Amino acid sequence: MTPIISAREVNKSFGQQAVSKNISLDLLPGEIYGLLGPNGAGKTTLIRMLATITQPDSGEIFFNGNPLHPDHSQRMGYMPEERGLYKKMSVADQLLFFAQLRGLNQAEAKAKVKYWLERLEMMDWAKKKIEEISKGMAQKVQFVSCIMHKPELLILDEPFSGFDPVNADLIKELILELQQEGCSILFSTHRMDNVEELCSKIGIIHRGEKVMDGSISEIKRGNFSGKYDVGFHESMENTAYPVIPIKSWITNDGRYMMRFQTSENFGPQQLMQWATTQSTPMVYFSEYIPSIHDIFVATVDQSNTPTHE
Amino acid sequence: MSNFSNIWVIFKREYMTRITNKTFIIMTFLAPVLIAGFYALAIYIAVADETESEIHTVLVSDQSKQLKLSDFSNYKLLPAPDYDYPQQRIDSAKAYVNRGICYAWLQIDDKDLTVLDSTTLYSEQAPSLTQMESINQWISNQSKEKQLLKFGIRPTTLDSLDVSGSVRLMEISEQGVASNSSSGLKSGIGFILAFLIYMFIFMYGAAVMRGAFEEKTNRIVEVIVSSVKPFQLMMGKILGIAAVGLTQVAAWVLVLIAIVFIGGTVVGKQKMSEFKQQSSAISMDSTFASAGLPTANNEMSANSNPVAKMSALSDFLSGTESIPAGEILIIFVLYFIGGYLLYASMFAAIGAAVNQETETQQFMLPITMPLVLSFVIAQSVALKAPNGSTAELFSMIPFTSPIIMVVRAPFGVPISQLLLSLGILILTFVFMVWLTSKIYRIGILSYGKKPSWGDLWKWIRQ
């Protein structure tokens, strides 16, 4: 399948500072891609290049297999992190303007504006200026303005920041709806709960480099596979371990927990056998599946070590 | 979507939001009224003879014994009581003026009036410059009359020797047709048109700058430039605002025509009868004057002579014959648009480059300087010598040509010069748009530190 958007070894610098270093990524039709990274990692720079706003210094970007061209922006939707609307313009005029900018003709644009105002129950506010409506409503207008033309690819920079929880849920709902209709979505965020809920694929960017990417299940099972958490009611300090635990801690409800790394010679079956044959009863046994948050923190920490400098 | 349709969408938004703005609508209808009122006031002040109606008594102590006391201006001259000693005369002058017995005391101690060096006017309030001038003139006229009589020449004989009327100007066209002309009228038209262009560039150039700046600070620009190229956004904005300006000027012209038309029909009927009376009185006066007889106006100086005024007015009006109205209009519209486009692109780049309105000031100077300079040149050189080499030079430089050329337009500009100047203007405009769009493209997405001239140069080279 041809990726809807694909970056090949993209580089971008501002003056002496390299902001994107050899970044490659692929987004297949219907996928939702989460771009993660600490502040200043270079997410927005990458997103701007994908959204045709700026050009890479080197490397290539393809849209549906063709080299990216500004005309492709008509088939994309884009919402930047820093958002704004014309304050003196009415809600309906504003939506009409953006729909026409994205290539819809007057009649199509009017029909779309009517559809979305009705769907968002904002018909009564259509003629109100942006400065006269609530911030929450303006947020809805902002989001709708970039999806009215039914884009094939939707690029959102920190879509959940600054939105109230009700609107954040609405956006989530709309993103999933667009995905069902075949739209591919790429968004940057630092909210891991949204990533787990929405994304099929993630990429982690740190200091301008992509340090990890892949499907969520792949990532979770990849580098982090074979770890098991075992819990007891009492401390196991004086016991001989089959392997050295990689981590041990006490939970709030008083369980003594240990995490073991299994291997070919010492698999989960052996671990369980050992645990169940101890004098203290085993009360917990589970494979450890890291959260995206843990993966993110671990990855960023790892790339902060001097070997990666 | 093609480049053109993108520019069109931006253009439409700029035009529609501005034209439906309440301030625009109010200014469109109020401004002509204000401008008309302003000019009416200016003309009234210039035309109305500021004479004080109050009659002032001036006591004249004439030691030359040569002066004939006659009233002039608003002065009533009476002989002052005579005293033998100079000090007595000064003391009583002070006393008379202080007690308000007279407005002023004119002490003439010169025996020979051809040289005034000990003639003094004692007054509590300093008279105006023109009032002092009229007193000097009064003494000088009387002195002259005395001298002339010595040579046996009567003043009326001298008056009859004065040349009446003024040189009429006839312009010969290339086809050899002569037509009445008026330099005054041409200068006036040229100057008004230049002023309109000057105003338009400043007003709407600033609107372009503010528009770009607002889009940048509102953060809306990033969404827009993901659909249109910054160049298209800039052009759509510049052209949209130009259309707003042209609409406004067209509306002003219509409103002004309406004011003149309505005002003309209402006032015209009243004034017509007054005018008829006045002109018959003038013709009577001039008949008397030519016959060497005294008339009611014979004390007026020649420059306020109503005959001269009327003939100047008729010359002025008949001068419209030689005004190439169609040509002026075409030149005006071309330079109006060309000048605006050239400057608006620079204003747009500034608006895009800065982060705060106060930062615009450092970049404004190089833009406003040529504009102000061309307006100064328009007022001096171009009006005095519209076809001189200075005027020709500045009507070729694209930054000054829009203003200088329209000043020259009523006097007739050779077509070769027009084409050359327009060509240079268009090329410069294209170059400037290319240059400024580079600044605009980077500036509009650059936030944070205050840009320097070095930054702008870096953006151009990127």
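For B:Val223, state whether it is crowded, with 18+ Cβ neighbours inside 10 Å, within 14 Å of chain A (Cβ to nearest Cβ) and not in a helix (DSSP H, G or I).
Answer is no for this residue.
So which pairs qualify, if the first residue must be in the range A:52-66 and aliphatic (A, V, I, L, M), the second must be surrounded by 13 or more Cβ atoms within 10 Å (Cβ to Cβ) and in a loop (DSSP other than H, G, I, E, B), the Cβ gap must be under 8 Å, and the two must be at least 6 apart or on different chains?
Sorted first by the residue in the range A:52-66, then by its partner, the pairs are A:Ile53/B:Ser226; A:Ile53/B:Leu445; A:Ile61/A:Leu68.
Out of the residues in the range A:81-102 that are charged (D, E, K, R) and within 20 Å of A:Gly136 (Cα to Cα), which is nearest to the other protein chains (Cβ to nearest Cβ)? Reasoning before the result, please.
Step one: list which residues in the range A:81-102 are charged (D, E, K, R), which gives A:81-83, A:87-88, A:93, A:102.
Now restrict to residues that are within 20 Å of A:Gly136 (Cα to Cα): A:81-83, A:87-88, A:93.
Values: A:Glu81: 9, A:Glu82: 4, A:Arg83: 6, A:Lys87: 7, A:Lys88: 7, A:Asp93: 8 Å.
The selected residue is A:Glu82.
A quick yes/no check of all residues on (1) assigned by TED's automatic domain parsing to the domain that holds A:Leu35; (2) over 32 Å from the mean Cα position of the chain (by Cα); (3) of a type in the set (A, V, I, L, M):
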{"site": "A:Asp213", "(1), (2), (3)": "yes, no, no"}
{"site": "A:Gly231", "(1), (2), (3)": "no, yes, no"}
{"site": "A:Ala240", "(1), (2), (3)": "no, yes, yes"}
{"site": "A:Asn252", "(1), (2), (3)": "no, no, no"}
{"site": "A:Ala298", "(1), (2), (3)": "no, no, yes"}
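Return yes when B:Val430 is under 20 Å from the mean Cα position of the chain (by Cα), β-branched (Val, Ile, Thr) and either part of a helix (DSSP H, G or I) or modelled with pLDDT under 90 (or both) and no when it is not. Write out each step before concluding.
Numbers: under 20 Å from the mean Cα position of the chain (by Cα): no; β-branched (Val, Ile, Thr): yes; either part of a helix (DSSP H, G or I) or modelled with pLDDT under 90 (or both): yes.
Here the answer is no, as B:Val430 does not meet what is asked.
Is there a residue being β-branched (Val, Ile, Thr) and either within 14 Å of chain A (Cβ to nearest Cβ) or crowded, with 23+ Cβ neighbours inside 10 Å (or both) anywhere in the range B:206-217?
There is at least one residue in the range B:206-217 that is β-branched (Val, Ile, Thr) and either within 14 Å of chain A (Cβ to nearest Cβ) or crowded, with 23+ Cβ neighbours inside 10 Å (or both).
What are the residues in the range A:51-80 that are more than 9 Å from chain B (Cβ to nearest Cβ) and outside any strand (DSSP E or B), if any?
Scanning the range A:51-80 gives A:Gln55, A:Pro56, A:Asp57, A:Asn64, A:Gly65, A:Leu68, A:His69, A:His72, A:Arg75.
So which helices (runs of 4 or more DSSP H) are wholly in the range B:347-425 and hold at least 1 residues that are modelled with pLDDT of 85 or more and touching a Pro at 6+ places or on another chain (Cβ under 7 Å)?
In the range B:347-425, the matching helices (runs of 4 or more DSSP H) lie at B:401-408.
Suppose we keep only residues that are in a helix (DSSP H, G or I) and closer than 15 Å to B:Ala251 by Cβ within the range B:1-21. Which one would you say is nearest to the other protein chains (Cβ to nearest Cβ)?
Top of the filtered list is B:Arg18.
Here is a yes/no grid of residues against (1) under 18 Å from B:Ser70 (Cα atoms); (2) in contact with a Ser or Thr (Cβ under 9 Å, 6 or more places away or on another chain); (3) crowded, with 16+ Cβ neighbours inside 10 Å:
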residue	(1), (2), (3)
B:Lys111	no, yes, no
B:Thr114	no, yes, no
B:Gln125	no, no, no
B:Glu133	yes, no, no
B:Lys146	yes, no, no
B:Gly152	no, no, no
B:Pro155	yes, no, no
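Is it the case that some residue within the range B:195-213 is at pLDDT below 85, touching a Gly at 6+ places or on another chain (Cβ under 7 Å), in the same structural domain as B:Asn355 (by TED's automatic domain parsing) and within 30 Å of B:Leu445 (Cβ to Cβ)?
Taking every residue of the range B:195-213 in turn, none turns out to be at pLDDT below 85, touching a Gly at 6+ places or on another chain (Cβ under 7 Å), in the same structural domain as B:Asn355 (by TED's automatic domain parsing) and within 30 Å of B:Leu445 (Cβ to Cβ).
Could you tell me which of the residues B:Thr390, B:Thr436, B:Thr400 is surrounded by fewer than 18 Cβ atoms within 10 Å (Cβ to Cβ) and out of contact with any Cys (no Cβ under 8 Å at 6 or more places or on another chain)?
The match here is B:Thr390.
Which condition breaks for A:Ser161 when tested against (1) within 14 Å of another protein chain (Cβ to nearest Cβ); (2) within 21 Å of B:Tyr15 (Cβ to Cβ); (3) surrounded by fewer than 20 Cβ atoms within 10 Å (Cβ to Cβ)?
A:Ser161 satisfies every listed condition except (2).
Of A:Thr276, A:Thr307, A:Thr280, which residue is more than 23 Å from A:Arg221 (Cβ to Cβ), surrounded by fewer than 16 Cβ atoms within 10 Å (Cβ to Cβ), of a type in the set (S, T, N, Q) and modelled with pLDDT under 85?
Working: A:Thr276 fails: modelled with pLDDT under 85; A:Thr280 fails: modelled with pLDDT under 85.
Just one listed residue meets the conditions, A:Thr307.
Determine, yes or no, whether A:Arg48 is over 20 Å from A:Val10 (Cα atoms) and more than 7 Å from chain B (Cβ to nearest Cβ). Before you say what the answer is, go through the steps one by one.
Details: over 20 Å from A:Val10 (Cα atoms): no; more than 7 Å from chain B (Cβ to nearest Cβ): yes.
The answer is no for A:Arg48.
If a residue has to be in contact (Cβ under 8 Å) with a residue 60 or more places away in the chain, part of a helix (DSSP H, G or I) and within 14 Å of chain A (Cβ to nearest Cβ) to count, how many in the range B:441-458 make the cut?
3
Using the structure shown, decide if B:Val58 is farther than 21 Å from B:Leu246 by Cα, more than 14 Å from chain A (Cβ to nearest Cβ) and in contact with a Leu (Cβ under 9 Å, 6 or more places away or on another chain). Break it down into steps so the answer makes sense when it comes.
On the way: farther than 21 Å from B:Leu246 by Cα: yes; more than 14 Å from chain A (Cβ to nearest Cβ): yes; in contact with a Leu (Cβ under 9 Å, 6 or more places away or on another chain): yes.
When the stated conditions are applied, B:Val58 passes them.
Among the strands (runs of 3 or more DSSP E) contained in the range A:156-245, which hold 3 or more residues that are over 27 Å from A:Lys12 (Cβ atoms)?
Where strands (runs of 3 or more DSSP E) fall fully within the range A:156-245 and carry at least 3 residues being over 27 Å from A:Lys12 (Cβ atoms), they are A:227-232.
Looking at the range B:125-172 only, could you name the residues that are part of a loop (DSSP other than H, G, I, E, B), under 27 Å from B:Asp110 (Cβ atoms) and touching a strand residue (DSSP E or B) at 6+ places or on another chain (Cβ under 8 Å)?
B:Pro127
Could you list, in sequence order, all residues of the range A:30-85 that are among the basic types (Lys, Arg) and surrounded by fewer than 18 Cβ atoms within 10 Å (Cβ to Cβ)?
Across the range A:30-85, the qualifying residue is only A:Arg75.
In the range A:75-119, what residues are of a type in the set (Lys, Arg) and within 16 Å of B:Ser227 (Cα to Cα)?
Passing the criteria: A:Arg75, A:Arg83, A:Arg102.
Within the set of pairs 6+ apart or on separate chains, which have a first residue in the range B:128-142 that is farther than 9 Å from B:Ser73 by Cβ, a second that is buried (at least 17 other Cβ atoms within 10 Å of the Cβ), and C-beta atoms under 6 Å apart?
B:Gln142/B:Leu67
The values are calculated or read from the model by the stated rules, or taken from the named source; none is laboratory data. Keep in mind it's a predicted model, so treat the numbers as computed, not measured. Neighbour counts run over all protein chains shown; Cβ positions are idealised from the backbone, glycine included.
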